[in-house]
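Readers should treat all values here as calculations from the given coordinates under stated rules, not as data from a laboratory. Keep in mind the model is a prediction, meaning the values are calculated, not measured. Cβ sites come from the backbone with ideal geometry, for glycine too, and all protein chains shown count toward neighbours.
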Amino acid sequence: MVTHGNIVSAASVMKLVMGKSSLTKEDRMISYLPLAHMFEQKVQTMAFLEGCSIGFFGGDFKLLEDDMRALQPTFFPAVPRLLNKWCEKARSLCGSKVNIDLNSINFKTKEELVSAHHMLESFKESLGGRVRMIITAAAPLSKDVFEFYTKCLGYEMLEIYGMTELAGACCASLSSYDFKGNVGSPSPCCIIKLIDVPEMNYFSKDLKGEVCIKGHNVLKGYFKNPEKTAEALDDEGWFHSGDIGMWLPNGTLKLIDRKKNIMKLSQGEYVALDRIETVYSASPYISQIYVHGDSLKSFLVAVVIPSKEFVLLRCKEIFENKTWNEICGTPMVKQLILEDMQRLGTAAGLNSFEQVKVIHTQPEAMTLEGGFLTATQKTKRETWCKYFAEEIKAMYECNEEIF
């Protein structure tokens with residue numbers, strides 16, 4: 001239950017965060033996100049408080065840019081997936097004419113500079129030509145996308161961290177140039193503390209722990225659900241977010257993990273990694289599995305230790321003179337396992353974004369002694385993530401053009 005007071009509190013303090021860049025009655029917003037979305041409600045409330053005008057898109061997302069050209073907004077809310085899409089569009093637009101790196105903005109000749117300038121100006125016109133600020137939330141922006149909008153287009157970026165239970169915000173960061181890599185400082189309407197999560201080796205004495213919020217923006221509870229309310233709100237009124245954060249030396253907060261292994265993909269969809277691993281573990285071809293998600297990516301990948309017995313039962317005649325290490329990494333084995341994972345995922349009702357798209361196969365089992373498992377044989381996610389960092393990077397890189 002999020003009250004009117006919660007929303008007004010979270011929206012009104014943004015003026016303090018934005019400073020000289022605050023909205024005015026001269027600003028104009030385009031509304032295209034679902035009106036039930038707390039992020040949209042918050043940004044609209046910010047506009048109402050300052051007397052901004054708001055225009056609503058025609059309803060067809062494919063024609064959003066046409067609506068923006070007609071309305072000529074000066075600011076708008078955006079989720080990273082849309083910003084990523086537009087960034088790639090601009091890259092292809094400029095790349096077809098000139099050989100430049102949009103991230104470092106290096107130009108070999110004056111002609112390249114002029115040509116790139118025209119291309120970028122054309123892109124800005126496709127958004128109406130008057131945009132000065134983008135307000136983003138729902139998932140983090142990557143550095144290269146952030147710097148494209150700030151350095152190449154000259155926009156200011158207001159990044160907000162929050163959730164529905166917090167009326168959309170508990171931290172915010174405004175930047176017109178430098179990428180900060182954090183979610184900013186606590187909003188003036190709330191206070192934040194980090195508490196110990198011993199089972200994940202996060203302790204507040206190390207400036208790491210679960211992010212807990214208390215303030216005027218915190219929900220009153222969940223409607224007719226006292227059990228869930230008691231889980232989220234403690235006796236002192238602290239809301240337990242489930243996010244793991246760490247304090248940086250400059251007083252800003254950086255998110256580093258998720259307490260219950262529920263994370264958000266770049267398009268804003270939540271995925272429960274533990275649940276997905278449980279579904280896939282039913283495959284006879286899988287001995288161990290680690291499902292990995294990245295909030296800057298739109299799909300999941302996985303590290304799989306195949307079941308030697310069942311894989312060889314299916315493929316032994318085909319790979320008669322090969323060792324297990326050679327067999328394990330072949331495209332045929334990967335396809336066999338991935339197809340069975342897809343079958344199990346579909347049967348379990350997993351959505352498309354919850355289905356793993358790429359796997360890396362490892363011949364040897366990961367052990368308790370090696371630090372990959374807990375005493376109860378649960379996956380130590382941080383250890384797997386660090387150990388297979390290069391393989392995870394490679395899986396994303398070889399498929400980033402597809403998804």
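For the listed residue pairs K85/K264; K264/K393; K85/K143; K260/K380; K180/K260, the alpha carbons are over 20 angstrom apart in K180/K260.
In this rough spin-label picture, where each label sits 7 Å from Cα along the Cβ direction, the I262-Q335 distance is 3.8 nm.
Between 0 and 90 degrees, the angle of helix 38-50 with respect to the longest Cα principal axis of the chain falls at about 10 degrees.
Need the C-alpha centroid separation for segment 15-53 versus segment 353-372, integer Å. Each part reduced to its Cα centre gives a spacing of 44 Å. Here segment 271-403 has an Rg and Dmax of 14.5, 42 Å, counting Cα atoms alone.
Rounded to the nearest 500, the helix-only mean residue ellipticity at 222 nm of the chain stands at -9500 deg cm²/dmol, with each DSSP H run of n ≥ 4 adding -39,500 (n - 2.57). Label sites at E26 and L207, each approximated as a point 7 angstrom past Cα along Cα to Cβ, lie 4.0 nm apart.
With a/c under 1.5 counting as rounded, go ahead and sort the chain into rounded, prolate or oblate using the C-alpha gyration tensor (a ≥ b ≥ c being the square roots of the eigenvalues; past the cut-off, prolate if a/b is larger than b/c, else oblate). Oblate shape, in that a/c is at least 1.5 and b/c is the bigger or equal ratio. When you filter the GluC sites (Glu not before Pro) in segment 17-79 for DSSP loop state and at most 16 other Cβ atoms inside 10 Å of their Cβ, you are left with E26.
Computed packing ranks the peptides 214-226, 180-192 as 180-192, 214-226, most packed first, by mean other Cβ atoms within 10 Å. A Förster radius of 60 Å, combined with the Cβ-Cβ distance separating E317 from S176, puts the computed FRET efficiency at roughly 0.40. Computed from the Cα positions only, the extents of segment 132-227 along the three principal axes stand at 48, 34, 21 Å, in decreasing order. Between Y270 and A282, the contour length at 0.36 nm per residue exceeds the Cα-Cα span by 2.1 nm. Shape class of segment 147-287 from the Cα gyration tensor (axes a ≥ b ≥ c, square roots of the eigenvalues): oblate, since a/c reaches 1.5 or more and a/b does not exceed b/c.
Using the Cβ of D340 as centre and a radius below 12 Å, the other residues enclosed give a net charge of +2, where K and R count +1 and D and E count -1.
Order these peptides, 74-86, 325-337, by their mean beta-carbon neighbour count within 10 angstrom, highest first.
Ranked from most to least packed, the peptides come out as 74-86, 325-337.
Once you have the Kirkwood Rh of segment 139-193 from its Cα pairs, apply Stokes-Einstein at 37 °C and 0.692 mPa s and quote D in µm²/s. Estimated via Stokes-Einstein, D reaches 276 µm²/s. Computed over neighbours whose Cβ is under 14 Å from that of L49, the net charge equals +1, Lys and Arg +1, Asp and Glu -1. Working ranking of peptides 167-173, 143-149, 340-346 by packing, defined as the average number of other Cβ atoms within 10 Å per residue, highest first, is 167-173, 143-149, 340-346. Judged by the ratio a/c of the largest to the smallest principal axis of the C-alpha gyration tensor, segment 39-87 counts as oblate, that ratio being 1.5 or greater while a/b is no larger than b/c.
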